[in-house]
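Take a look at the structure set out below.
The values are calculated or read from the model by the stated rules, or taken from the named source; none is laboratory data. Note that the coordinates shown come from a computational prediction; the quantities given were computed from them, not determined experimentally. Here the Cβ is made from the backbone with ideal geometry for all residues, glycine too, and neighbour counts use every protein chain on show. What goes into the accessible areas is simple: the full protein's heavy atoms, side chains included, and nothing from ligands, DNA or RNA. Shrake-Rupley method; radii C 1.70, N 1.55, O 1.52, S 1.80 Å.
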Amino acid sequence: MKKLALPFCAVLAAACGGEAPPPAPPPRVAPPPSASASAAVVAPPPDPNLPFRMAYADPGGMWMPSQMTLPQHVDTFQKMGVKLDAKTLSDPLQSPLAGVVFLGGCTGSFVSPEGLVVTNHHCAQGALQLNSKGGKNYVEGGFLAKTRADEPTAGPAQRVMVAQAYTDVTAKMRDGLDAIKDPVARKKESEKRSKELVAACEKDRPGIRCQVSSFFRGGTYQLIEMLEIRDVRLVYAPARSVGDYGGEIDNWEWPRHTGDWSFFRAYVGKDGKPADYSPDNVPYQPRHWLKVTTAGLEPGDFVMVAGYPAVTDRTVNASEVHHDVEVFYPYLIDYLKERYKLAEAHLGDGGETAIKATVMKQYTQNGLEKYEGILQGLARNPGLLAQKDALDKKAKEWAAQPGHEVYKEGIEKLEALIDKQQCAELADFDRNLALGRGSSLLASAISLMRWAEERGKKDADRKAGYQERDLPRAVAASKQLSRQYDRTLDRATFRMALLRAARRIEAERPWLATLLGVKKGTRIDEALVDKTLDAWYKSPALEDEKTRLELLEKGTPAGLAASKDAFVQAARRVFAIVKAEEKKDDARAGDALLLAPLYTEANKAVLGGALAPDANATLRVTYGTVRSLHPESSAPADWPFTVASQILAKDTGKDPFNAPQKLLDAIKAKDFGPYADPALGGDLPIDFESDLDITGGNSGSPTLNDKGELVGLAFDGNKEGLASDVVFDGTTTRTIHVDARYMIWTMDALDGAKPLVKEMGLEPKMP
Ligand code: ARG
């Protein structure tokens, strides 16, 4: 929140002319890094809005479309000379926002009337991995379907979610909750209301998935309807040496030369309705798709990104940020380091284990560096935490004013609640790891227990996530597991989780002995864990998809009790503990339902109103300009574009700097056709930087120009700006995009994807 305090004022200052005149804009066309001295740069026609854009600094904010009518946006768009009215973006069901889709963890966009979806290469890792079998390695080599019939499934759990409607349901969700005194009952009531809204929304509408999303920590709620397309296929991804060029070394870094794009296609039944995978299905015809352009951008140009950022923690209490920084993130980092080492240790295993370990290592490194980056960012700039604290103080002062007693009391209770949760947080983390992410077999077994129990209840009374509407997703996830599971890796991650828990004193992990089936007080060491896992992994019944699906669809508590599988029996032993912990969580959540919005409202009050809610995997808009971290510098590394010739200089021939020979040859020959940029000395733009505000989940989001056309894809942020997930800092935060010109050129000239170029409405231009 506080992060928004200063930035918001900055917008106002810019919008109102401010007290100080804006700094003189740097020359728009600084010498491009690789341009030969002779490259003539044509002076751009005078642009009356350029000075404003060059001086503009994005104050941050992942805005809800409905917030785009705020005067600050309308005004800024006008001053920037944006052709689109900011208000057009307030309707997520109109172009361009309607072309943007949620892929679950990533964002994509329709780019053809035939359901073609573009997203990042790193968002297709799972699809590439699960199609890599029998000596084929698409993770390394990339993939191109020769014809539509050759487009394989992107995996049974992959979805393309197309938004259909948004309705404010705040009153329905909140009214009268405060009259319920017991927090668990209050949480139940809130869940019941959400389930009722969802049930009414989905009634007699197969293929429509509805959700109730909470904004401003429970301050407002929206009912969001999505078309759930569940036959998604892999169309094209470049080789890893293009799509993940620079790999872990360049991840979160600028300058960058990564070709982070890939393509899926959404399929539906012949009747146009979502359907399970079938060879008879046909490409989905979206109502809206984005126009891809190779017209390109220049420094200072307006850009925006629309996508589904997953989580930020900007509106949490200051005490939570301090706790995260001092206690939780260091702990999480320690775990991620252990997981990283584990993945690395299995790269030499060969075969599918190695392919799966490669993907696991990439994801782990990404998260690890992110949390390290947050801590480093906050340490480098102590002003950020000070800013958070100052806002917290102001909010509390505001709450202490006469007439605001409800807020004062609420915030005090909220802080007490947070304190209590923090005491148990690390032990909770280890338990959740061991019973959740540690082993997919144990996690499956616990979920089977839950399904068996909930199935005995009336559908409307079941726990959210275990209703009939959730069964197809659970089935898909179980099928997906068959293609992503690896016994060696599962055992290794489980072992690690158990040993982490074992290092705690017994009072902090009473569940561990129960899980392992040993007496209380037994010494739990490596030898015991290894012996136990030897037995459990000998021939786990749940490795078999048919067995899992049968239990999932028809399992009963009695049936599970009769199972001989060690994981099922372990799940049975800990199930009561799992439920007791859930009850504690529900009590906390029930209290937070009433308390957390009070803190947010106090913050909003002292900020004067305009506050973007934290990311929550719903559609958001962020806008700003093409600019590097040091726009005033003309050093090549500070230029907001990278160019192809730099790949020649950077390439070592060794992973991760081992571009394909055909790419190197084409760059040497400067064979860029009309995709070359005269302003870059005739070189080919690769990646570019902007000051937009994104986070994980935005991966694959379309980057749009001032006409709403796709000019690139967001794929990363810079490590200097990672602390922005906690306190936004516009001076250090940059988004990294792949340039559409690099993408289309590669497809046109090198990867044999001309039909896709044509499908996007573009004319291939290379021989
Ligand atoms: N850092 C990016 C993000 O989380 C993901 C980049 C994926 N590439 C990689 N080499 N890990 O937004």
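Brief remarks follow.
- Close pairs (8 angstrom Cβ cut-off, 6 or more residues apart or separate chains): more than 20 Å from Ala610 (Cβ to Cβ) and part of a helix (DSSP H, G or I) in the range 197-221, open to solvent by 50 Å² or more (accessible area, probe 1.4 Å) and among the small types (Gly, Ala, Ser) anywhere: Ala199/Ala460
- Considering residues of the range 266-291 that are of a type in the set (Ser, Thr, Tyr) and surrounded by fewer than 24 Cβ atoms within 10 Å (Cβ to Cβ) only, the residue farthest from the ligand (Cβ to nearest atom): Ser278
- Selection from the range 675-731 of residues that are within 16 Å of the ligand (Cβ to nearest atom) and of a type in the set (Ser, Thr, Tyr): Ser690, Thr695, Ser699, Ser701, Thr703, Ser724
- Residue within the range 667-684 that is touching a His at 6+ places or on another chain (Cβ under 9 Å), of a type in the set (Asp, Glu) and crowded, with 24+ Cβ neighbours inside 10 Å present: no
- Residues satisfying the stated conditions in the range 82-112, i.e. buried (at least 24 other Cβ atoms within 10 Å of the Cβ) and part of a strand (DSSP E or B): Val100, Val101, Thr107, Gly108, Ser109, Phe110
Here is a yes/no grid of residues against (1) small (Gly, Ala, Ser); (2) buried (at least 18 other Cβ atoms within 10 Å of the Cβ); (3) not in a loop (DSSP other than H, G, I, E, B):
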site: Phe567; (1), (2), (3): no, yes, yes
site: Ala571; (1), (2), (3): yes, yes, yes
site: Lys579; (1), (2), (3): no, no, yes
site: Asp585; (1), (2), (3): no, no, yes
site: Gly590; (1), (2), (3): yes, yes, yes
site: Glu601; (1), (2), (3): no, yes, yes
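- Some residue of the range 544-560 being open to solvent by 20 Å² or more (accessible area, probe 1.4 Å), outside any loop (DSSP other than H, G, I, E, B), acidic (Asp, Glu) and touching a helix residue (DSSP H, G or I) at 6+ places or on another chain (Cβ under 6 Å): yes
- Odd one out for Ala124 among (1) in contact with a strand residue (DSSP E or B) (Cβ under 8 Å, 6 or more places away or on another chain); (2) farther than 21 Å from Leu481 by Cα: (2)
- Test: Asp655 is out of contact with any Cys (no Cβ under 8 Å at 6 or more places or on another chain), within 16 Å of the ligand (Cβ to nearest atom) and open to solvent by 10 Å² or more (accessible area, probe 1.4 Å): yes
- The listed residues are Ser699, Ser690, and the only one of them that is among the polar types (S, T, N, Q), under 17 Å from Met62 (Cα atoms) and open to solvent by less than 10 Å² (accessible area, probe 1.4 Å) turns out to be Ser690.
- Answer from Val321, Val235, Val325, Val305 - the residue that is open to solvent by less than 40 Å² (accessible area, probe 1.4 Å), within 16 Å of the ligand (Cβ to nearest atom), outside any loop (DSSP other than H, G, I, E, B) and modelled with pLDDT of 95 or more: Val305
- Verdict on Val311 being loosely packed, with under 15 Cβ neighbours inside 10 Å, within 16 Å of the ligand (Cβ to nearest atom) and under 23 Å from the mean Cα position of the chain (by Cα): yes
- Number of positions in the range 138-158 that are in a loop (DSSP other than H, G, I, E, B), crowded, with 20+ Cβ neighbours inside 10 Å and touching a strand residue (DSSP E or B) at 6+ places or on another chain (Cβ under 6 Å): 4
- Failed criterion for Lys188 (all others in (1) surrounded by 21 or more Cβ atoms within 10 Å (Cβ to Cβ); (2) out of contact with any Phe, Trp or Tyr (no Cβ under 9 Å at 6 or more places or on another chain) hold): (1)
- Selection within the range 499-517: residues that are among the aliphatic types (A, V, I, L, M) and in contact with a helix residue (DSSP H, G or I) (Cβ under 7 Å, 6 or more places away or on another chain). The member of this set that is surrounded by the most Cβ atoms within 10 Å (Cβ to Cβ) is Ala501.
- All of (1) farther than 25 Å from Ser112 by Cβ; (2) in contact (Cβ under 8 Å) with a residue 24 or more places away in the chain; (3) crowded, with 21+ Cβ neighbours inside 10 Å; (4) away from the ligand (no atom under 16 Å from the Cβ) hold for Phe263 with one exception: (1).
- Some residue of the range 244-257 being of a type in the set (D, E, K, R), at pLDDT 95 or above, more than 12 Å from the ligand (Cβ to nearest atom) and under 30 Å from His121 (Cβ atoms): no
- A search for C-beta distances below 6 Å between a residue of the range 234-255 that is closer than 15 Å to Ile736 by Cα and any residue that is part of a loop (DSSP other than H, G, I, E, B) and β-branched (Val, Ile, Thr), counting only pairs 6+ apart in sequence or on different chains, returns Tyr245/Thr258; Gly246/Thr258.
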